[in-house]
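The values are calculated or read from the model by the stated rules, or taken from the named source; none is laboratory data. Everything numeric in this text was worked out from a predicted model, so none of it was measured. Positions of Cβ are backbone-derived with ideal geometry, glycine not excepted, and every protein chain shown enters the neighbour counts. Heads up: the accessible areas ignore ligands, DNA and RNA and are worked out on the full protein's heavy atoms, side chains in. Shrake-Rupley method; radii C 1.70, N 1.55, O 1.52, S 1.80 Å.
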Amino acid sequence: MDSRRRVPRTDVVLADPRLVAAAGRLGRSVVKDAVIRAQARARQGGIGPDEVAGAAVAGLPPYAAGLRPVINMTGVLVHTNLGRAPLSRAAIEATAAAAGCTDVEFDLATGVRARRGRGVLDALERAVPAAEDAHVVNNNAAALVLAATALAADREIVISRGELVEIGDGFRIPDLIVSTGARLREVGTTNRTHLEDYARAVGERTGFVLKVHPSNFRVEGFTGSVEVAELTGLGVPVVVDIGSGLLTGEPLLPDEPDAAGTLRAGACLVTASADKLLGGPQAGLLLGRHDLVERCRRHPLARALRVDKLTLAALEATLRGPETPVHQALHADPAVLRHRAESIAAELSGAGIDAEAVPSEAAVGGGGAPGVSLPSAAVSLPERLAVPLRTGDPPVVGRIECGRLLLDLRAVSPERDGDVTRAVLRAGG
């Protein structure tokens with residue numbers, strides 16, 4: 001008899017104690033999919049009928065969700081396609097603690113409803129004393145949309161033509177703002193805008209002046225722009241989208257604006273991302289004058305844009321906790337990176353793999369610090385290893401440069417060097 005006809009039924013395989021236990025952890029549908037894949041292998045002759053249950057167990061994913069942890073060796077510290085900022089251990093633990101029932105809107109002492117996210121708001125105000133108030137939404141685009149809707153619906157927002165930027169996946173600032181019901185009043189030119197341009201445009205219909213940091217490109221040469229401090233004398237609120245989420249100045253990135261400095265310069269409201277240089281979860285921050293933040297908070301749209309308890313917990317832990325992985329990567333010692341690359345390359349070479357430690361250049365990424373190059377080190381490998389490394393366990397993602405696969409170490413914790421070495425040995429074997 002053809003052995004393929006002896007492939008066990010799905011319900012029989014699912015009754016295997018190992019799969020019953022897995023169903024309690026991953027869910028029956030996830031386990032059933034693994035069984036069906038194993039049965040297909042048996043029908044194709046790849047495994048025997050008696051091996052189906054074992055193959056199903058071996059094919060189970062580690063998590064019920066499809067997202068897979070990845071080792072980011074692209075040399076881009078905040079990689080949007082890889083989830084931007086990796087969370088700190090403190091943020092991960094805080095998220096796990098908040099996963100069940102929590103006092104997100106409840107005062108345990110009085111037994112009555114409490115202000116949502118009060119812990120993270122306090123942490124933000126402590127981190128940026130120049131902000132009278134703060135509010136958190138689900139990303140920076142949402143922060144800007146909320147500000148435009150609450151402060152300038154049916155009114156004009158004055159903005160320099162040189163700041164009509166396009167952000168990731170084709171989203172454009174002009175389209176974003178116009179969708180709120182506000183009207184854009186463009187001033188100046190692509191490369192030069194003067195204070196007089198703003199002054200001529202500001203009038204009774206002006207909701208606010210918007211300044212957008214061009215965080216993902218640079219304009220060089222015959223250029224000119226107006227600083228925040230100069231705009232404050234126009235008699236209308238000045239809203240500044242700083243983008244990358246620095247709360248205070250970073251000496252390594254002198255041209256990257258920060259929230260504290262921007263508010264001290266006179267901005268009435270600052271919007272920023274939490275999952276870039278701040279190193280936290282995806283969220284948008286509004287920081288600034290109490291009356292403006294309160295108008296945003298009280299607007300009906302704020303309910304649709306609010307963040308959940310997990311984001312609040314992770315963001316508060318990011319603000320109060322130790323240095324984030326993004327901060328550590330940004331400040332990594334190039335000499336230490338070079339030593340790590342040499343050690344990994346030596347072990348791989350000893351196993352017969354074409355590996356070499358080479359200098360590398362890393363970038364901030366995530367639309368932050370365009371043009372800033374960070375000296376780094378990488379392990380150079382044959383390009384053919386890119387696919388098996390990306391599809392391995394854990395997936396390792398590098399970059400192709402001059403026909404070689406470079407595994408840049410700047411965004412990788414030293415504790416993962418062994419994982420990287422083992423992944424390459426498996427891929428090269």
Comparing 291, 11, 133 in a Gaussian network model of the chain (Cα, 10 Å), the one with the largest mean-square fluctuation is 11
Row for region 71-209, column shape: gyration tensor on C-alpha, a ≥ b ≥ c, rounded if a/c < 1.5 i.e. under 1.5, prolate if a/b over b/c, else oblate; value oblate
In region 85-230 the accessible area split gives carbon plus sulfur, as whole percent at 1.4 Å, a share of 50
If each part is reduced to its alpha-carbon centroid, region 302-372 and region 12-82 end up apart, in Å, by 29
Per the 1/(1 + (r/R0)^6) rule, R0 = 35 Å and r from the Cβ atoms of residue 110 and residue 323, FRET efficiency to 0.05 is 0.45
Expressed per residue, the solvent accessible area of region 121-173 in Å² (1.4 Å probe) is about 38
Listed residues 389, 210, 26; largest mean-square fluctuation, Gaussian network over the chain with Cα springs below 10 Å, found at 26
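Cβ neighbours within 10 Å, averaged per peptide: list 72-84, 235-247 in order, most packed at the top. Show your work: numbers first, answer last.
On the way: 72-84: 21.2, 235-247: 24.1.
So the peptides 72-84, 235-247, ranked by packing, come out 235-247, 72-84.
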So the carbon and sulfur contribution to the accessible area of region 1-40, 1.4 Å probe, in percent, is 52
Highest GNM mean-square fluctuation among 142, 91, 38, for the chain with Cα springs under 10 Å, belongs to 38
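Give me the percent of accessible area attributable to carbon and sulfur for region 257-307, probe 1.4 angstrom. Could you put the intermediate results ahead of the total?
Values: 900 of 1820 Å².
Result for region 257-307: 49 percent of the exposed heavy-atom area is carbon or sulfur.
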For residue 71, the net charge from surrounding residues (Cβ-Cβ under 15 Å; K, R +1; D, E -1) works out to +3
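At a threshold of 8 angstrom on Cα-Cα distance, excluding pairs fewer than six apart, so keeping six or more, what relative contact order does the chain reach in percent?
On the way: 834 pairs, mean separation 82.4, N = 429.
Here the relative contact order equals 19 percent.
222 nm [θ] for the chain, helices only, -39500 (n - 2.57) per DSSP H run of 4+, per residue, to 500? It would help to have the intermediate numbers written out before the result.
Numbers: 18 runs with 159 residues, N = 429.
Per the formula, -10500 deg cm²/dmol.
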Where a ≥ b ≥ c are root eigenvalues of the Cα gyration tensor, a/c under 1.5 meaning rounded, otherwise prolate if a/b exceeds b/c and oblate otherwise, region 251-329 counts as oblate
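Need one word for region 188-331: rounded, prolate or oblate. Basis is the Cα gyration tensor (sqrt eigenvalues a ≥ b ≥ c); a/c below 1.5 gives rounded, then a/b vs b/c decides.
Note, shape of region 188-331 comes out oblate.
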